[in-house]
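Here's the structure we're looking at; comments come further down.
The values are calculated or read from the model by the stated rules, or taken from the named source; none is laboratory data. Note that the structure is a prediction, hence the values are computed from the model and not measured. Here the Cβ positions follow ideal geometry from the backbone for every residue, glycine too, while neighbour counts run over all protein chains shown.
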Amino acid sequence: MHIHKYSEPYVTVGCVAHWTNILLQYRGEQPRFQARAVGPILRQLGLSTVKIGSKGIGICLTNDVREHLHRQAARYRIILAADDCPLCAKQRSSEQKNQSAKQ
Ligand SMILES: [Zn+2]
């Protein structure tokens, strides 16, 4: 997931659909997300979509949003494996805490 080091201040729904499909393929599932379907899903996840000039709609990648996406990724068991991403490290360590709490 390139959200870790994505340098643009915003990401379009087309881009989110593309990343999600790559992840699904990686997990051996059918890529099934279309840009059109992503907007409502993002809103369900509590992310507000904005119009990005001529590129259609998308979300602003504020730090809050990046953190939110990391939490969602953890929830859906999507790899949080970017070595130099502080948010990934944070999620990984809170997962470990959860796991040791269960034992
Ligand atoms: Zn990350």
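Specify the residue that is farthest from residue 7 (Cα to Cα); the eligible residues are those in region 44-64 that are without any contact (Cβ under 8 Å) to a residue 24 or more places away in the chain and more than 13 Å from the chain's Cα centre (by Cα). Step by step, filter region 44-64, then rank; the result is 44.
Applying the criterion of being touching a residue at least 24 places away in the same chain (Cβ under 8 Å) and under 16 Å from residue 76 (Cα atoms) to the residues of region 3-34, the residue that is nearest to the ligand (Cβ to nearest atom) is 3. Pairs meeting the criteria (first residue in region 65-77 and modelled with pLDDT under 80, second residue in a helix (DSSP H, G or I) and of a type in the set (Lys, Arg), beta carbons under 9 Å, at least 6 apart or on different chains) are 74/92. Within region 31-42, restricting attention to residues that are part of a loop (DSSP other than H, G, I, E, B) and closer than 11 Å to residue 15 by Cα, the residue that is modelled with the highest pLDDT is 34.
Taken over region 54-67, residues that are under 20 Å from residue 80 (Cβ atoms), surrounded by 11 or more Cβ atoms within 10 Å (Cβ to Cβ) and either out of contact with any Leu (no Cβ under 7 Å at 6 or more places or on another chain) or aromatic (Phe, Trp, Tyr) (or both) amount to 2. Selection of region 1-39 for residues being hydroxyl-bearing (Ser, Thr, Tyr) and either touching a strand residue (DSSP E or B) at 6+ places or on another chain (Cβ under 6 Å) or more than 20 Å from residue 60 (Cα to Cα) (or both) yields 10, 12, 26. I'd like the full set of residues that are closer than 18 Å to residue 10 by Cα and within 13 Å of the ligand (Cβ to nearest atom), limited to region 43-71. 61, 63, 65, 66, 67, 68, 69, 70, listed by residue number. Scanning region 20-53 for residues that are of a type in the set (Phe, Trp, Tyr) and surrounded by fewer than 17 Cβ atoms within 10 Å (Cβ to Cβ) turns up just one, 26.
Given the structure, is residue 81 farther than 23 Å from residue 36 by Cα, part of a helix (DSSP H, G or I) and aliphatic (A, V, I, L, M)? So residue 81 does not fit the description; no. For beta carbons closer than 7 Å, sequence separation of 6+ or different chains, a first residue in region 78-103 that is at negative phi and more than 8 Å from the ligand (Cβ to nearest atom) and a second that is at pLDDT below 75 and not aromatic (Phe, Trp, Tyr), the qualifying pairs are 78/1; 92/80.
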